[in-house]
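What follows is a single structure, written as structure tokens, with notes after it.
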Amino acid sequence: MVPPTGFTAQLTVFSAAAMAFLAVFALALSLAAGRLADRWTSELARSATVRISAPQGQIEAQTRAALGVLQTTPGIASVRVLDKDEQQALLTPWIGQGLPLDVLPLPQLIEVVGDETGYDSEGLRQRLAAEAPGARLDDHARWREPLVRAAGRLRDLGLLSILLITLTTAAMIVLAAHAALAANAQVIRVLRLIGAQDSFIVHAFVRRFTARAVAGATLGTGLGMLAVLLLPDAPETAGGLAAGIGFRGWGWLWPLAVPLLAGFVAFWATRLAALRSLKELS
Amino acid sequence: MIGLENVSYGYGDGELLSGITLDLSPGSFHFLTGPSGSGKTTFLKLCYMELVPTAGHVRAFGRDVREMDRDDIARARRRIGIVHQDCQFLDHLSIAENIALPLAVGGRAGPDDAENLDALLGWVGLGNRAGALPPELSGGERQRAALARAVIMSPDVILADEPTGNVDWEMSKRLLSLLAELNRMGKAILVATHDLNLIRAAKTKVNARVLRISDRRLQLAGADL
């Protein structure tokens, strides 16, 4: 019904593809940041360390006292005293091998793992101070919280990017639809004269732009997913967020929503633009 | 079916048409004459509801045009076949597709269309030009195609604006006999033309009334032709 327009059609497809490509990355970033925030919140929150620094002779007595306190604290699932080898393994990355650790006055470390309900850190701290003055509870809160906040903010930025990409796509489709409607004013006039209702004319444009947006977005999403898939593998412990970018398991289904969203946006953007400009024609 | 009651219309300053009353009833045949710029096309636009009168009432199939919304007007236009002066085709579609367009637009496309379309193309003598694009046709062929498009929905009223404007006399007579044939089937027909020979030729075939726009008013100009 509406004459084909090669060049502008290709521009619409290209823009939809580019937006979908960007959306896939924003989505991957959001999901990775979300996973990181969750992990820092849940896994690390449940583990804590009690460090006992005391004169050599008192360490053992204070360790026993601290263990007594920990074992009677509700919300703690397990408590374990780290042995010499384990402590040495923890220190090796920092100070290198071959150091005679035996001669250094090392504090004793106790690993504490909370259960689902969690424990009251402040209460535990006070009881430890009373029973074992050399014991210090470190629940990692001090360094964990800013990291969780940063990861959460990053996830929000990713979601905001997706929102902006969606709105930009809508704006682009509206502009393209307006151009097409203006270029086809004569066609619309003829259709009106032979009895076409607005819905018929709108449908012709909506079908065309939705198809273009979905085709472009499918292409862009495919390329975006491929690019994410081909990201070089880095161990997550070392790379942190950079290594975590990507999709995991069912997460690969998320980007498939991008072409659907593009189609939905194109449908409504074209429909509203067309209905509005038809009102201005006779 | 289309009635004008004391209708006036003006573009901005001053009236082009004023105090016009006319009723296009089934089986009627009207010619509309008048010098160029006298308002023939404007008169037709009022009839097919592209323009709304500045005063008076236009009624289409019993409803006042002012009370009709865009969709009502679209539906009413399916019962009015219009042959425009410049035909108004979609140049990227073939002639057959252009002629069948009102069916598609009205959601009336059906299985027997191909046969009907062939019969219609034969009736206007375009059977062998079905696949041609509008710009490839001669003036006369385009006018006949426009007539075919105007009648494909079997409308109650046919409005034609200078349908013989750029065709030779033989073709004019053919178009006229097509319109006369439609008139005998009970359609109301209104032809705007300044071709007096056409009107004289028509008098032998149909019982036509001749209207003349003069000094913004519509006058019956029957007998003196």
Discussion item. Kindly evaluate A:R212 against the criterion of being in contact (Cβ under 8 Å) with a residue 12 or more places away in the chain and open to solvent by 50 Å² or more (accessible area, probe 1.4 Å).
Written reply: no
Worksheet entry | Unmet criterion (only one of (1) away from every other protein chain (no Cβ under 14 Å); (2) in contact with a helix residue (DSSP H, G or I) (Cβ under 8 Å, 6 or more places away or on another chain)) for A:R142 | (2)
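Quick check: anything in segment A:170-179 among the small types (G, A, S), within 14 Å of chain B (Cβ to nearest Cβ) and either in contact with a strand residue (DSSP E or B) (Cβ under 8 Å, 6 or more places away or on another chain) or in a helix (DSSP H, G or I) (or both)?
No; the residues of segment A:170-179 include none that is among the small types (G, A, S), within 14 Å of chain B (Cβ to nearest Cβ) and either in contact with a strand residue (DSSP E or B) (Cβ under 8 Å, 6 or more places away or on another chain) or in a helix (DSSP H, G or I) (or both).
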Worksheet, complete the sentence: Pairs returned, first residue in segment B:179-205 that is at positive phi and open to solvent by 80 Å² or more (accessible area, probe 1.4 Å), second residue that is aromatic (F, W, Y) and modelled with pLDDT under 90, beta-carbon separation under 9 angstrom, 6 or more apart or interchain, are none
Worksheet, complete the sentence: Reported set for segment A:189-208 where residues are within 22 Å of B:I152 (Cα to Cα) and either away from every other protein chain (no Cβ under 11 Å) or in contact with a Ser or Thr (Cβ under 8 Å, 6 or more places away or on another chain) (or both) is A:R189, A:R192
Practice prompt. For B:V210, work out the one condition from (1) more than 19 Å from B:A150 (Cβ to Cβ); (2) in contact with a Phe, Trp or Tyr (Cβ under 9 Å, 6 or more places away or on another chain); (3) hydrophobic (A, V, I, L, M, F, W, C); (4) open to solvent by 10 Å² or more (accessible area, probe 1.4 Å) it doesn't fulfil.
Written response: (4)
Discussion item. Can you tell me which of (1) open to solvent by 10 Å² or more (accessible area, probe 1.4 Å); (2) away from every other protein chain (no Cβ under 14 Å); (3) assigned to a helix (DSSP H, G or I) is the one B:R142 doesn't meet?
Written reply: (2)
Worksheet item: All but one of (1) modelled with pLDDT of 85 or more; (2) within 26 Å of A:R149 (Cβ to Cβ); (3) open to solvent by 30 Å² or more (accessible area, probe 1.4 Å) hold for A:T117; which doesn't?
Response: (1)
Worksheet, complete the sentence: Considering only helices (runs of 4 or more DSSP H) wholly within segment B:27-128, the ones with at least 2 residues that are within 14 Å of chain A (Cβ to nearest Cβ) and surrounded by 15 or more Cβ atoms within 10 Å (Cβ to Cβ) are B:40-47, B:70-77, B:95-105
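How many residues does segment A:84-121 contain that are assigned to a helix (DSSP H, G or I) and within 15 Å of A:T72 (Cα to Cα)?
1
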Worksheet item: Would you say A:A182 is hydrophobic (A, V, I, L, M, F, W, C) and open to solvent by less than 60 Å² (accessible area, probe 1.4 Å)?
Response: no
Fill in: First in segment B:105-129 and closer than 16 Å to B:L178 by Cβ, second anywhere and open to solvent by 40 Å² or more (accessible area, probe 1.4 Å) and part of a helix (DSSP H, G or I), Cβ under 8 Å, 6 or more apart
B:L121/B:G127; B:L121/B:R129; B:G125/B:R174; B:G127/B:D118
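The values are calculated or read from the model by the stated rules, or taken from the named source; none is laboratory data. Everything numeric here is computed off the predicted structure, so don't read it as measured data. A quick note on method: Cβ atoms are made from the backbone with ideal geometry, for glycine too, and the neighbour counts reach across all protein chains shown. When the accessible area is computed, the model is the full protein with side chains, heavy atoms only, and any ligands, DNA or RNA have been set aside. Shrake-Rupley method; radii C 1.70, N 1.55, O 1.52, S 1.80 Å.
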